[in-house]
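Worksheet for the structure shown next.
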Amino acid sequence: MSDCVFCAIANKEIPSTIVYEDDEVLAFEDLNPQLPVHTLIIPKAHYRNIGDDVPPALLGTLFATVKKVAELKGVIESGYRVIVNTGEDGRQTVHHLHIHVLGGARMPIRMGPAD
Ligand code: AMP
Ligand code: ZN
């Protein structure tokens, strides 16, 4: 999809620090990390969010990649958080489905009241 920054990353049109890649998915470092480990996992194909009729097999592949990324980033034992921001209220800013994998330090933030 044109004008999609994560499609551009998937197509290697703009650079990223790749953590893991296969035919269907790409994992790369977040440009603005919120914790020592902050990796994003995307499908190479464009889907706007997790509700965008994503094939269940691809959803399985994406979530299986979470464990691979956690292993590669060394946070299997220490733990990590998986976040999929979706839509306006979910504060999704890049409208290409992505999974955040966050870890490497104790999570500082718990859910609070909406602002
Ligand atoms: P979200 O709020 O869930 O849509 O998160 C989008 C994430 O993409 C943010 O954490 C950004 O820091 C990250 N991001 C945006 N542009 C890039 C980029 N070119 N390379 C890596 N991460 C990016
Ligand atoms: Zn895209």
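The values are calculated or read from the model by the stated rules, or taken from the named source; none is laboratory data. As the structure is a computational prediction, the values presented were derived from the model and not from experiment. Every residue, glycine as well, gets a Cβ built from its backbone with ideal geometry; the counts of neighbours run over all protein chains shown. Ligands, DNA and RNA are stripped out before the accessible areas are found, and what is left, the full protein with its side chains, is counted by its heavy atoms. Shrake-Rupley method; radii C 1.70, N 1.55, O 1.52, S 1.80 Å.
For region 49-60, what are the residues that are in a loop (DSSP other than H, G, I, E, B) and either open to solvent by less than 60 Å² (accessible area, probe 1.4 Å) or not β-branched (Val, Ile, Thr) (or both)?
From region 49-60, those in a loop (DSSP other than H, G, I, E, B) are 49-55; that's our starting set.
Of everything in region 49-60, those that are in a loop (DSSP other than H, G, I, E, B) and either open to solvent by less than 60 Å² (accessible area, probe 1.4 Å) or not β-branched (Val, Ile, Thr) (or both) turn out to be Asn49, Gly51, Asp52, Asp53, Val54, Pro55.
Scanning region 61-94 for residues that are under 16 Å from Asp30 (Cβ atoms) and not hydrophobic (A, V, I, L, M, F, W, C) yields a count of 8. Residues of region 5-49 that are near ligand 2 (Cβ under 9 Å from one of its atoms), among the aliphatic types (A, V, I, L, M) and under 18 Å from Thr61 (Cβ atoms): Ile9, Ala10, Ile42, Ala45.
Being in contact with a helix residue (DSSP H, G or I) (Cβ under 6 Å, 6 or more places away or on another chain), of a type in the set (Gly, Ala, Ser) and at pLDDT 95 or above is the requirement here; does Ser78 meet it? For Ser78, the condition - in contact with a helix residue (DSSP H, G or I) (Cβ under 6 Å, 6 or more places away or on another chain), of a type in the set (Gly, Ala, Ser) and at pLDDT 95 or above - is not met.
Residues in region 1-48 that are assigned to a helix (DSSP H, G or I) and crowded, with 16+ Cβ neighbours inside 10 Å were compared, and the one that is nearest to the chain's Cα centre (by Cα) is Phe6.
For every residue, the table says whether it meets (1) over 13 Å from the mean Cα position of the chain (by Cα); (2) surrounded by 10 or more Cβ atoms within 10 Å (Cβ to Cβ); (3) of a type in the set (D, E, K, R).
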residue	(1), (2), (3)
Glu77	yes, no, yes
Ile83	no, yes, no
Asp89	yes, no, yes
Gln92	no, yes, no
Leu97	no, yes, no
Arg106	yes, no, yes
Gly112	yes, no, no
